[in-house]
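To keep things clear, I will list the structure first and then write my remarks on it.
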Amino acid sequence: MASATPTFGHSTRWAAKLQADSVRAAERCPDVARVLPGGVSAPSNIREAALSAALRDFDELRRLDMGSLAQTLGVSRSTLYRQAGDRDNLLGQAIWWRSRMSYALVLEETAELTGLERLNAAIGTVVRRYQGTPQIRRFIDEEPQAAMRILTGPTGQIQRGFITVTRNLLELEIEKDDLHFSIPPATLAYAIVRLIESFMYSDVLAVRDPDIEVGIEVVRSLLAGALTPRQT
């Protein structure tokens, strides 16, 4: 069902293919518009050239330097900050944009599934692709404080984005498959994302080797345990 396509790649051609594939997935799969706020479009409040350049550095395992980026774009540093915000904001928006593209593909790949099967397949696939990329690991290893701030910060784009998307997916499957959970979707989504973070980033948060498969299994157990019998 789901391929091993990672969230991040190593070439401009790969990035262009992911973007084109995600656009096609959004056109073919109505769930993309329902689940992903903003779909697969670039954020409108940041200059797209800055986003693309930031992703290019991230893809190629280079540390994003705002001074060098401003020079590359032919603007002053102050102009870049007006167009893209600070480094945390630019990286967070760029990573989340790419993550939405990857999530769109997963939604299309799992579109024929319903209920718990769809939830477990989609969440598990997204997490494995996201965690299994060298760009995320390099970021965590070389800039742990910045990485945790951007990837898991409650005011950043990425954690808030994954919580919102997970809630939307839960609500979609609740409607489609008449599921009933003992925990409200917003609370369940928050718990799922925070659980995954604790296993994905455990080497930074708890000095413990990451084990994302255990995290995925805990989420499966949480969903199964929160499921209540259908009303008759």
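The values are calculated or read from the model by the stated rules, or taken from the named source; none is laboratory data. Note that the structure is predicted; figures quoted are calculated from it, not measured. Because the Cβ atoms are built from the backbone with ideal geometry, glycine has one as well, and the counts that use them run over all protein chains shown. What goes into the accessible areas is simple: the full protein's heavy atoms, side chains included, and nothing from ligands, DNA or RNA. Shrake-Rupley method; radii C 1.70, N 1.55, O 1.52, S 1.80 Å.
Its relative contact order, with pairs defined as Cα atoms under 8 Å and 6+ residues apart, puts the chain at 22 percent. Taking a point 7 Å from the Cα of L61 along the Cα-to-Cβ direction, none of the residues of region 190-232 has its backbone N closer than 16 Å to it.
Compared with the alpha-carbon gap, the fully stretched path from R194 to T72 is longer by 40.2 nm at 0.36 nm per residue. Loop-located GluC sites (Glu not before Pro) in region 71-139 (DSSP state not H, G, I, E or B) with no more than 14 neighbouring Cβ atoms inside 10 Å: E112.
Normalising by the residue count of region 97-182, find the relative contact order in percent from Cα pairs under 8 Å and 6+ residues apart.
RCO, region 97-182: 30 percent.
Axis angle, to the nearest 10 degrees, between helix 157-177 and the longest C-alpha principal axis of the chain: 30 degrees.
Every helix of 4 or more DSSP H residues in the chain counts as -39500 (n - 2.57), and over all residues that averages to -22000 deg cm²/dmol at 222 nm. Highest mean packing comes first when the peptides 68-79, 208-219, 29-40 are listed by Cβ atoms within 10 Å, giving 29-40, 208-219, 68-79.
What is the local net charge at R118, summed over the other residues whose Cβ is closer than 9 Å to its Cβ (Lys, Arg +1; Asp, Glu -1)? So the environment of R118 carries a net charge of -3. Taking 13 Å as the cut-off, the amide N atoms of region 133-154 that come nearer than this to a point 7 Å along the Cα-to-beta-carbon line of D203 belong to 133-144. On C-alpha positions alone, give me the angle between the axis of helix 48-59 and the longest principal axis of the chain, in degrees, nearest 10. In the chain, helix 48-59 runs at an angle near 80 degrees to the longest axis. Ignoring ligands, DNA and RNA, what percent of the accessible area of the chain is carbon or sulfur (1.4 Å)? With neighbouring chains kept in place, the figure for the chain is 51 percent. Averaging Cα coordinates gives a centre for region 154-231 and one for region 46-116; these two points are 24 Å apart. Taken per residue, the accessible surface of the chain reaches 47 Å², heavy atoms only and a 1.4 Å probe.
Restricting the calculation to Cα atoms, region 22-99 yields a radius of gyration followed by a Dmax of 13.9, 41 Å.
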